[in-house]
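The values are calculated or read from the model by the stated rules, or taken from the named source; none is laboratory data. Every value quoted in this text rests on a predicted model; they were computed, and no experiment measured them. Cβ placement follows ideal geometry from the backbone for every residue including glycine, while neighbour counts extend to all protein chains displayed.
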Amino acid sequence: MKFWKPLLLTAVLTLASVTPATAAGAGASGPTTPDCAWHPLGYRTSNVAYPDTNSQYWLLHYTVQDGLSIALDGRYPDARYASFASYDAAHDSVTGPGGAPAVLTDHQIAPDRGSRNPYQYGGRAGGKFTVTVAERAGRGSNALPLSSAGTPQGAEGTVIYRVYLADGTVRLPKVTFRRDGHRVSVPPCADAQGSGAATPDATRATGPAPLRDADPARPAFARQAGSGLYPNPDNAYVSAGFDAPPAGDVLVVRGKAPASTTGHRARPWPDPAAQVRYWSMCDNLWWGPGEVVANPLPDGTVDPGCRTDSDTHVAADGTYTYVVGTEQQRAAITRIPGATFVPLSSATPTDKHVLILRNMLAAPGFAEAVQRVPTGSDAARTEAVMGAYYPRATYCSLSLLAASGPEACTAGREDHKE
């Protein structure tokens, strides 16, 4: 995968390019503003950087200026998860006080006077909030730093608005740039509510870096270093490269499912019944810019390569069984009790693929979460930390799987050793 990062950088830089323009009437000391706010990106239009196909994603670009603040006036979405995060010109997280990545997650955002935050107390979504992006953002609530310490004037920055599993259309925040007494409202991009609301996160770019020392013929999950492109501080990942199964075979992945929140509605967090806010398994292509599988179906719909926690069959003992195969194998796989089908690419079914398991917002007491695995760990270390929650993969004959169940596929299998 040595060509992965240059290709991905080219794709993301092309998609995220922005030409700032000084707003008319703002004057020399007024804020420099982008042409529009909230560029939408999605896997249907720009399938790069290992996207989770169940998320939505918008970008607000800016240039770093002395005295600049950006007000985001929005409403809490009815969704499983939402957050704002700020990034520098290299697409790395801006760091706030203490060096922590700059992110405001839904349950951390205080409501405006007279409103309620459904991620704190429950109830209906739609309450109002105001987030401020500013140089000295660490001194108050609802604030994100505009840039890391030492960032020069004129450097590029980006705020990312992420929403996972929204229940309906997401209302995007109003954007106001403020500087030296000048206020400039930035209109939403023409397609902000079009493709952005309909397509998931496409340049999240927080999937794995090239899989160091991976052996696609013997899949094993490990926590590699992140790509350094717009990382979501709330997510952590393990990944496994694998060769496409031989004809008649499938790849079977089994592990214990973490307890998560459910549905497409805003719910309070932390949740005493949940170990993570959300988790998913996604199949991606190994080569190129990090495409997630997205297979066109005869009825005109698309079969995305991601399966959320809600899409996954979980057995009475708390385990899941993913079966990765072709669309032609789908019918046989879905008849297997407890199996969850994950598609190989219809366009390039014999190419190498990458599976990515995501954990979002791990609860403090969840010791086996992906977040607890040191970044850069090999498969053996990853398995040691995750224990029963570690996803174990093996190739299997589909006929054997269908006749005897997944236990027959793993019988006699040697555990991964490093």
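Could you tell me whether residue 123 is modelled with pLDDT under 90, of a type outside the set (D, E, K, R), part of a loop (DSSP other than H, G, I, E, B) and closer than 19 Å to residue 167 by Cα?
yes
Per-residue answers, yes or no, for (1) of a type in the set (S, T, N, Q); (2) in contact (Cβ under 8 Å) with a residue 60 or more places away in the chain:
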| site | (1), (2) |
| --- | --- |
| 325 | no, yes |
| 355 | no, yes |
| 361 | no, yes |
| 370 | no, yes |
| 382 | yes, yes |
| 385 | no, no |
| 390 | no, yes |
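I'd like the full set of residues that are part of a loop (DSSP other than H, G, I, E, B) and either free of Cβ contacts under 8 Å to residues at least 60 places away in the same chain or within 20 Å of the chain's Cα centre (by Cα) (or both), limited to segment 243-267.
Scanning segment 243-267 gives 247, 257, 258, 259, 261, 262, 263, 264, 265, 266, 267.
Step by step: first the residues of segment 195-235, then only those that are in a helix (DSSP H, G or I) and surrounded by fewer than 23 Cβ atoms within 10 Å (Cβ to Cβ), then the one that is modelled with the highest pLDDT. Which residue is that? Explain how you work it out, then say what you get.
Kept after step one, since they are in a helix (DSSP H, G or I), are these residues of segment 195-235: 195-198.
Next cut, surrounded by fewer than 23 Cβ atoms within 10 Å (Cβ to Cβ) only: 195, 197-198.
Working: 195: 43, 197: 34, 198: 33.
Only one residue fits best here, namely 195.
Among all residue pairs at least 6 apart or on different chains, which show Cβ distances below 7 Å where the first residue, located in segment 166-188, is among the polar types (S, T, N, Q) and the second is surrounded by 13 or more Cβ atoms within 10 Å (Cβ to Cβ) and not in a strand (DSSP E or B)?
The qualifying pairs are 169/193; 169/197.
Going by what's in this entry, would residue 240 be described as in a strand (DSSP E or B), in contact with a helix residue (DSSP H, G or I) (Cβ under 9 Å, 6 or more places away or on another chain), aliphatic (A, V, I, L, M) and in the same structural domain as residue 329 (by TED's automatic domain parsing)?
Yes, satisfied.
Within the set of pairs 6 or more residues apart or between chains, which connect a residue that is within 15 Å of residue 255 (Cβ to Cβ) inside segment 302-321 to a residue that is among the aromatic types (Phe, Trp, Tyr) and modelled with pLDDT under 95 with Cβ atoms less than 6 Å apart?
Here the result reads none, with nothing in segment 302-321 linked to a residue that is among the aromatic types (Phe, Trp, Tyr) and modelled with pLDDT under 95.
For segment 144-185: of the residues being touching a Lys or Arg at 6+ places or on another chain (Cβ under 8 Å) and of a type in the set (Lys, Arg), which is farthest from residue 133 (Cα to Cα)?
Across segment 144-185, the extreme among qualifying residues is 171.
Out of (1) in contact with a helix residue (DSSP H, G or I) (Cβ under 7 Å, 6 or more places away or on another chain); (2) more than 24 Å from residue 311 (Cα to Cα); (3) crowded, with 22+ Cβ neighbours inside 10 Å, what's the single condition that is false for residue 379?
(1)
Looking only at strands (runs of 3 or more DSSP E) that fall completely inside segment 304-418, which ones have 3 or more residues that are over 20 Å from the mean Cα position of the chain (by Cα) and assigned by TED's automatic domain parsing to the domain that holds residue 283?
319-325, 339-343, 392-397
If I ask for residues that are of a type in the set (Ser, Thr, Tyr), surrounded by 17 or more Cβ atoms within 10 Å (Cβ to Cβ) and out of contact with any Lys or Arg (no Cβ under 9 Å at 6 or more places or on another chain), which ones from segment 327-363 would you list? Steps first, answer last, please.
Kept after step one, since they are of a type in the set (Ser, Thr, Tyr), are these residues of segment 327-363: 334, 340, 345-346, 348, 350.
Still in the list and also surrounded by 17 or more Cβ atoms within 10 Å (Cβ to Cβ): 340, 345.
The one that is of a type in the set (Ser, Thr, Tyr), surrounded by 17 or more Cβ atoms within 10 Å (Cβ to Cβ) and out of contact with any Lys or Arg (no Cβ under 9 Å at 6 or more places or on another chain): 345.
Look through 170, 238, 184 and report the one residue that is at pLDDT 65 or above and either buried (at least 24 other Cβ atoms within 10 Å of the Cβ) or closer than 20 Å to residue 392 by Cβ (or both).
238
Go through (1) modelled with pLDDT of 90 or more; (2) in a strand (DSSP E or B) and name the single condition residue 295 misses.
The failed condition is (1).
Quick check, is residue 254 in contact with a helix residue (DSSP H, G or I) (Cβ under 9 Å, 6 or more places away or on another chain), closer than 29 Å to residue 101 by Cβ and not assigned by TED's automatic domain parsing to the domain that holds residue 76?
For residue 254, the condition - in contact with a helix residue (DSSP H, G or I) (Cβ under 9 Å, 6 or more places away or on another chain), closer than 29 Å to residue 101 by Cβ and not assigned by TED's automatic domain parsing to the domain that holds residue 76 - is not met.
Among the residues of segment 275-287, which ones are assigned to a loop (DSSP other than H, G, I, E, B) and touching a Leu at 6+ places or on another chain (Cβ under 6 Å)?
The answer is 277, and nothing else.
Assess whether residue 141 counts as being outside any helix (DSSP H, G or I), in the same structural domain as residue 64 (by TED's automatic domain parsing), modelled with pLDDT of 90 or more and farther than 13 Å from residue 72 by Cβ.
No.
On the given criteria, is residue 272 modelled with pLDDT of 90 or more and not in a strand (DSSP E or B)?
Yes: the conditions hold for residue 272.
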